[in-house]
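Undergrad: Provided herewith is a single structure, encoded as structure tokens, for subsequent inquiry.
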Amino acid sequence: MEYGNQHMTPPPYYGGSNAVTTQTNSVMKRVYVRMFVGMLISAFCALGIASSPAAMSFFFSNQIVFWGVFIGMLVMAFVIPARLTRMSTATCLLLFCIFAAAMGVWLAPIFVIYKLGTIVYTFFITAGTFGAMSVYGYFTKSDLSKMGTYLIMALWGLIIAIVVNIFLKSSGLEWIISIVGVLLFTGLTAWDTQTVKRLAAANLDPQMADKLATMGALNLYLDFINLFLFLLRIFGGGRD
């Protein structure tokens, strides 16, 4: 959940002049549009692969391809924020689209594991929850930065718990992880929204503002996807 150079501290947001408001609104519109495009890319890739037994076999039976896609996503997740100020706006946007496509590959098995009705039902619940928390993060006057610090620490704890449960295979721990995951990414949605809004209010040049829109889209995209997956685990409903 980083936003480019670590020294680029978000300034306080007080509303400000029309120019600041116009810039903020412009960046936020691009954030949500790009997030939506990323989700469409993921959805088409996931559906396309899930509908093809040959594609499913290629990506999930071949260990080199399987881990290659996974490692590629990890690399992009770290490279995009770390090199945000150095990359061109086109490169930044391209990497985001590639990341969304790779995520779509990883989402393909849900169409085999879960019933379509459960997926659709969970998607709409996720959309409603995400939308409510993003609106809260955008309009709240409260400073969520302190909450964000705790959320990031909790995120690392959640990752460790997930890794541990890979070996334990505990259904009880998996249930707890899913509930914590929902609460965590619900909070991160509000925090990420406020963070992008504050950065958008800074006096950014057009190129940096555009990169920020892509970075914000990536972070909110990840919040939505993780929230969706944890909710899907809770609602279950695997195929008969």
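The values are calculated or read from the model by the stated rules, or taken from the named source; none is laboratory data. Computed from a predicted structure; not experimentally measured. When we count neighbours, we look across all protein chains shown, and the Cβ atoms used for this are built from the backbone with ideal geometry, even at glycine. Accessible surface is based on the protein model in full, side chains and every heavy atom, while ligands, DNA and RNA are left aside. Shrake-Rupley method; radii C 1.70, N 1.55, O 1.52, S 1.80 Å.
Per-residue answers, yes or no, for (1) closer than 20 Å to residue 215 by Cα; (2) at pLDDT below 95; (3) open to solvent by less than 30 Å² (accessible area, probe 1.4 Å):
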site: 31; (1), (2), (3): yes, no, yes
site: 41; (1), (2), (3): yes, no, no
site: 61; (1), (2), (3): no, yes, no
site: 72; (1), (2), (3): yes, yes, yes
site: 86; (1), (2), (3): yes, yes, no
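Undergrad: Of all the residues that make up the range 38-54, how many are more than 17 Å from residue 228 (Cα to Cα) and either of a type in the set (A, V, I, L, M) or in contact with a strand residue (DSSP E or B) (Cβ under 9 Å, 6 or more places away or on another chain) (or both)?
TA: The total comes to 3.
Undergrad: Just checking, how many residues over the range 222-240 are more than 11 Å from residue 185 (Cα to Cα) and either modelled with pLDDT of 95 or more or touching a Lys or Arg at 6+ places or on another chain (Cβ under 6 Å) (or both)? Give the derivation first.
TA: From the range 222-240, those more than 11 Å from residue 185 (Cα to Cα) are 232-240; that's our starting set.
Applying the additional criterion that residues be either modelled with pLDDT of 95 or more or touching a Lys or Arg at 6+ places or on another chain (Cβ under 6 Å) (or both) yields 232, 237, 239.
The qualifying residues number 3.
Undergrad: Restricting attention to the range 129-165, and to residues there that are among the β-branched types (Val, Ile, Thr) and closer than 21 Å to residue 178 by Cβ, which single residue is farthest from the chain's Cα centre (by Cα)?
TA: Start the filter on the range 129-165 by keeping residues that are among the β-branched types (Val, Ile, Thr), which leaves 129, 135, 140, 149, 152, 159-160, 162-164.
Add one more test, that the residue is closer than 21 Å to residue 178 by Cβ, and what stays is 129, 152, 159-160, 162-164.
Details: 129: 14, 152: 14, 159: 15, 160: 19, 162: 18, 163: 20, 164: 23 Å.
Only one residue tops the list, namely 164.
Undergrad: In the range 182-219, how many residues are closer than 15 Å to residue 93 by Cβ, of a type outside the set (Lys, Arg) and in contact (Cβ under 8 Å) with a residue 24 or more places away in the chain? Steps first, please.
TA: From the range 182-219, those closer than 15 Å to residue 93 by Cβ are 206-219; that's our starting set.
Checking which are of a type outside the set (Lys, Arg) leaves us with 206-210, 212-219.
The next check asks that each one be in contact (Cβ under 8 Å) with a residue 24 or more places away in the chain; those that pass are 207-210, 212-219.
The total comes to 12.
Undergrad: Pick from 141, 146: which is outside any helix (DSSP H, G or I) and either basic (Lys, Arg) or closer than 28 Å to residue 236 by Cβ (or both)? Spell out the reasoning first.
TA: Details: 146 fails: outside any helix (DSSP H, G or I).
After ruling out the rest, the residue left standing is 141.
Undergrad: Further question: For residue 154, indicate whether it is open to solvent by less than 10 Å² (accessible area, probe 1.4 Å) and among the aliphatic types (A, V, I, L, M).
TA: On the way: open to solvent by less than 10 Å² (accessible area, probe 1.4 Å): no; among the aliphatic types (A, V, I, L, M): yes.
In short, no.
Undergrad: Looking at 124, 130, 167, which one is modelled with pLDDT of 95 or more and either open to solvent by 50 Å² or more (accessible area, probe 1.4 Å) or touching a Lys or Arg at 6+ places or on another chain (Cβ under 6 Å) (or both)? Show your work before the answer.
TA: Working: 130 fails: either open to solvent by 50 Å² or more (accessible area, probe 1.4 Å) or touching a Lys or Arg at 6+ places or on another chain (Cβ under 6 Å) (or both); 167 fails: modelled with pLDDT of 95 or more.
Only one candidate passes the filter, namely 124.
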